[in-house]
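Colleague: The following block contains the structure, expressed as structure tokens.
The values are calculated or read from the model by the stated rules, or taken from the named source; none is laboratory data. Source: prediction; values computed, not measured. Note: ideal-geometry Cβ built from the backbone for every residue, glycine included; neighbour counts use all protein chains shown.
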Amino acid sequence: MTALTTIELPLPLLRRGKVREVFEVDGDRLLLVASDRVSAFDVVMAEPIPRKGAVLTQLSAWWFRQMAGRQPSHYLTGDTAEIVREVPALAGHEEAIAGRTMLVRRTRPVPFECVVRGYIAGSAWKEYAESGTLAGEPLPEGLRESDRLEPPLFSPATKAETGHDENVRFAHLEHALGATPAAALRDASLALYASGRDAAAGRGIIVADTKFEFGHDADGALLLIDEVLTPDSSRFWPADRYQPGRSQPSFDKQPLRDWLAAERSAGRWSGDGPGPTLPPEVVQATSERYLDAYRRLTGRDLPEDA
């Protein structure tokens, strides 16, 4: 399957993000198309990662189906043939959209990322190491990098179109949305994380943290949207290699980040865009990480036509 960086379809383009294009189908439905673009250190690389878009789409679709009884979502279908039947304008574009496209209900997105942290890593560890806090709230003393947090922490963040999201206190969410809607987001996020964590544990994967996004439909119902428990929205660690007190290997774009960090340390890249040309072995290793995450979580290989 050809790796795609840009997708053109005979539908109105509503939004182009770092990875996804969002197209308007009608007043009630959207088409989400995941490209094979990859970003690291807030820079979108010129080289795509083969099958990355299909992994993000099909893994999200798998989770939406797994969690259908727990939390309503915007997901309608990720099956290419069914999408073309529902959207006849896409006939003839099957090869471009195969595996990487979801038909979803249109919602009014909640303007916050709903992050759940089961282990302390990333930006949370960086803040804790400096001040013993997360979003300004004190955490227990003596935590090591990658230590398990029990119970898991609901850690909302602002949505940033460019640059990094910003961790905020729960009180900030309550002030912005109201106490009842904020509590609904927290409770739904913690329940979804627990379900995903337990399912992944049975596959030998630790879900260190993840972010959920929500939206409201025309009737005001809260729906899970965007992507769910993918390597782009979560930290997946191999359970058999977990060792607290250090950073962990992960099932995501770690080969890419490691290579870029080495290039920056050697002075061959400033850290700003555009990114350096990626060697084929880095592209391949990154693609294999995504495919491995899909295989381990779902128990099967990504279909060749996806």
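Colleague: Go through the stretch 85-102 and give me each residue that's within 21 Å of residue 3 (Cα to Cα) and of a type outside the set (Ser, Thr, Tyr).
Modeller: Listed by number, the residues that qualify are 90, 91, 92, 93, 94, 95, 96, 97, 98, 99, 100, 102.
Colleague: Within the stretch 249-260, does at least one residue satisfy the condition of being in a loop (DSSP other than H, G, I, E, B), modelled with pLDDT under 95, surrounded by 18 or more Cβ atoms within 10 Å (Cβ to Cβ) and polar (S, T, N, Q)?
Modeller: yes
Colleague: Criterion first (farther than 24 Å from residue 4 by Cα, surrounded by 11 or more Cβ atoms within 10 Å (Cβ to Cβ) and not acidic (Asp, Glu)) does residue 211 satisfy it?
Modeller: yes
Colleague: Of these, 272, 301, 240, 305, which one is exposed (fewer than 15 other Cβ atoms within 10 Å of the Cβ), over 19 Å from residue 102 (Cβ atoms), modelled with pLDDT under 95 and more than 19 Å from the chain's Cα centre (by Cα)?
Modeller: Only one candidate passes the filter, namely 272.
Colleague: Let me ask something additional. All but one of (1) in contact (Cβ under 8 Å) with a residue 60 or more places away in the chain; (2) within 23 Å of residue 30 (Cα to Cα); (3) out of contact with any helix residue (DSSP H, G or I) (no Cβ under 7 Å at 6 or more places or on another chain) hold for residue 197; which doesn't?
Modeller: Only one criterion in (1) in contact (Cβ under 8 Å) with a residue 60 or more places away in the chain; (2) within 23 Å of residue 30 (Cα to Cα); (3) out of contact with any helix residue (DSSP H, G or I) (no Cβ under 7 Å at 6 or more places or on another chain) is unmet by residue 197, namely (2).
Colleague: Sticking with this one: Exactly one of (1) touching a helix residue (DSSP H, G or I) at 6+ places or on another chain (Cβ under 8 Å); (2) free of Cβ contacts under 8 Å to residues at least 40 places away in the same chain; (3) not polar (S, T, N, Q) is unmet by residue 140. Its number?
Modeller: It is condition (1) that residue 140 fails.
Colleague: Give the residues of the stretch 275-287 that are assigned to a helix (DSSP H, G or I) and surrounded by 16 or more Cβ atoms within 10 Å (Cβ to Cβ), sorted by residue number.
Modeller: The answer is 282, 283, 285, 286, 287.
Colleague: Could you tell me which of the residues 51, 100 is crowded, with 22+ Cβ neighbours inside 10 Å and at positive phi? It would help to see each step written out before you state the result.
Modeller: Details: 100 fails: at positive phi.
Selected residue: 51, the only one of 51, 100 that is crowded, with 22+ Cβ neighbours inside 10 Å and at positive phi.
Colleague: Next question. Return yes or no: is residue 92 touching a residue at least 24 places away in the same chain (Cβ under 8 Å) and either within 24 Å of residue 200 (Cβ to Cβ) or of a type outside the set (A, V, I, L, M) (or both)? Reasoning before the result, please.
Modeller: Numbers: touching a residue at least 24 places away in the same chain (Cβ under 8 Å): no; either within 24 Å of residue 200 (Cβ to Cβ) or of a type outside the set (A, V, I, L, M) (or both): yes.
In short, no.
Colleague: Filtering the stretch 1-12 down to residues that are more than 16 Å from residue 84 (Cβ to Cβ) and loosely packed, with under 14 Cβ neighbours inside 10 Å, which residue is modelled with the lowest pLDDT?
Modeller: Pass one, the stretch 1-12, residues more than 16 Å from residue 84 (Cβ to Cβ): 1-6, 8, 12.
Retained after the next criterion (residues that are loosely packed, with under 14 Cβ neighbours inside 10 Å): 2, 6, 8, 12.
Working: 2: 78, 6: 90, 8: 93, 12: 98.
Selected residue: 2.
Colleague: Next up: If you check residue 57 against the conditions, is it farther than 19 Å from residue 298 by Cβ and outside the structural domain of residue 227 (by TED's automatic domain parsing)?
Modeller: It is false that residue 57 is farther than 19 Å from residue 298 by Cβ and outside the structural domain of residue 227 (by TED's automatic domain parsing).
Colleague: Could you tell me how many of the residues in the stretch 223-260 are outside the structural domain of residue 210 (by TED's automatic domain parsing), over 17 Å from residue 285 (Cα atoms) and in contact with a Leu (Cβ under 8 Å, 6 or more places away or on another chain)?
Modeller: 0
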